[in-house]
Amino acid sequence: MAVRVVSLAFEGVEARRVDVEVQTTGGQVAFMLVGLADKAVAEARERVRGAFAGLGLAIPARRIVANLAPADLPKEGNHFDLPIALALLSLMGILPPDALDGWVAIGELNLNGEIAPVAGALPAAMAAGAMGMGLICPEACGPEAAWAGETRILAARSLIGLVNHFRGTQVMGQPKPGPMISSARSPDLKDVKGQESAKRALEIAAAGGHNLLMSGPPGGGQSMLAKRLPSILPPLGPRELLDISMIQSVAGHLAGGALSNRRPFRDPHHSASMAALVGGGINARPGEVSLAHHGVLFLDELPEFTPQVLDSLRQPLESGQVMIVRANHRVTYRPGSSWSRR
């Protein structure tokens, strides 16, 4: 008999459904995990084993196979611990057989059975709502996931809390969305005295959504003016706020589920690599140009950036998106506006 729990795999800010199937069979005692999983996912076996021991439970002394389907989709991250553990609990009869129907689960397990926060709770909640399902996530991710609107959210502190909830001995309420951080104390262009020509140039660029090149001697106020450019950009619309927040969620930058109504401002150092600027790395994380989506990307000391890094910005600025292609998958992020100075 196999038990199935729904989880998600992230491709950029998009979340794709993954069915976590766990089955016990005869044969040599082992815990096998299959389904094109990376190192972090493969280590889930030991974290699940340790979490069960922390709760006083023993994994069945049989051959356990955990399959992450579809098998040809790369699985990355630490959020598959919870669905594997829930499937095992259902297989052992600790959870009712139909308790997990209609739920998507993400979360990392500590060795004492507590559920640690993971990145991507907001896009996971959006994907779960699109599938007509609820989301089971760590308690720390509950305020972030609650921004998804009408999606049912079950934010648990530990495995034992989830067991008690599904067995009816404890009831968990819907978490409330995190705070909205106001931009009232952010640098404002109205604080600048003089610099009338430069301020006029910023106003024109902001009104038309143009790129801007500022040239002048050190200490001329270019950086100071650039940091105040977001203050004169139009207020964020609901869709823009959601786009920015989903990128920040995947990157793990939403602390406590708090969203900001201020447009992002990113100013990477001139030593930044191409992967840091446009995105990439082993897990194809979003780069500075994507984190500046709907905001400002400020390249201070522009001539100091390597030509390869600057050339990598050409295609994102023309197409409006960043496509990171790897041998086994591709990820698409959206870039922000580019504002630079030399």
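Summary of computed values
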{"quantity": "Coil-residue GluC sites (Glu not before Pro) of region 131-235, DSSP, other Cβ within 10 Å capped at 15", "calculated": "150"}
{"quantity": "Note, ³J(HN,Hα) from phi for region 75-87, Karplus 6.51, -1.76, 1.60, rounded to Hz, x at Gly and Pro", "calculated": "10, 10, x, 9, 8, 8, 4, 5, x, 5, 5, 5, 5"}
{"quantity": "Solvent-accessible area of residue 39 with every protein chain in place, 1.4 Å probe, in Å² to the nearest 10", "calculated": "150"}
{"quantity": "At q = 0.11 Å⁻¹, base-10 log of I(q)/I(0) for the chain (Debye sum, equal scatterers on each alpha carbon)", "calculated": "-0.77"}
{"quantity": "Percentage of interatomic Cα-Cα distances in region 89-156 larger than 20 Å", "calculated": "29"}
{"quantity": "Cα-based helix-to-principal-axis angle, 238-250 vs the chain, degrees rounded to 10", "calculated": "60"}
{"quantity": "Anisotropy class of region 226-271 from Cα gyration tensor, a/c 1.5 cut", "calculated": "oblate"}
{"quantity": "Proximal lysines to residue 199, defined as alpha-carbon separation beneath 30 angstrom and excluding residues fewer than eight positions away on the same chain", "calculated": "190, 227"}
{"quantity": "Largest to smallest accessible area among 169, 25 [probe 1.4 Å]", "calculated": "169, 25"}
{"quantity": "Residue-averaged [θ]222 nm for the chain, counting only DSSP H segments that reach four residues, each worth -39500 (n - 2.57)", "calculated": "-7500 deg cm²/dmol"}
{"quantity": "Cβ-based net charge around residue 189, under 14 Å, with every Lys or Arg adding one and every Asp or Glu removing one", "calculated": "+4"}
{"quantity": "P(r) of region 163-309 over all Cα-Cα pairs, binned every 5 Å from zero, in whole percent", "calculated": "2, 8, 15, 17, 17, 15, 11, 6, 3, 2, 2, 2, 1, 0"}
{"quantity": "Accessible area, probe 1.4 Å, largest first, for residues 266, 152", "calculated": "152, 266"}
{"quantity": "Most to least accessible of 64, 94, 181 (protein chains only, probe 1.4 Å)", "calculated": "181, 94, 64"}
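The values are calculated or read from the model by the stated rules, or taken from the named source; none is laboratory data. Quick caveat, the model's predicted, so the values are computed rather than measured. As a convention, Cβ positions derive from the backbone with ideal geometry for all residues, glycine included, and neighbour counts pool all protein chains shown. All accessible areas refer to the heavy atoms of the entire protein, side chains included, with ligands and DNA or RNA removed. Shrake-Rupley method; radii C 1.70, N 1.55, O 1.52, S 1.80 Å.
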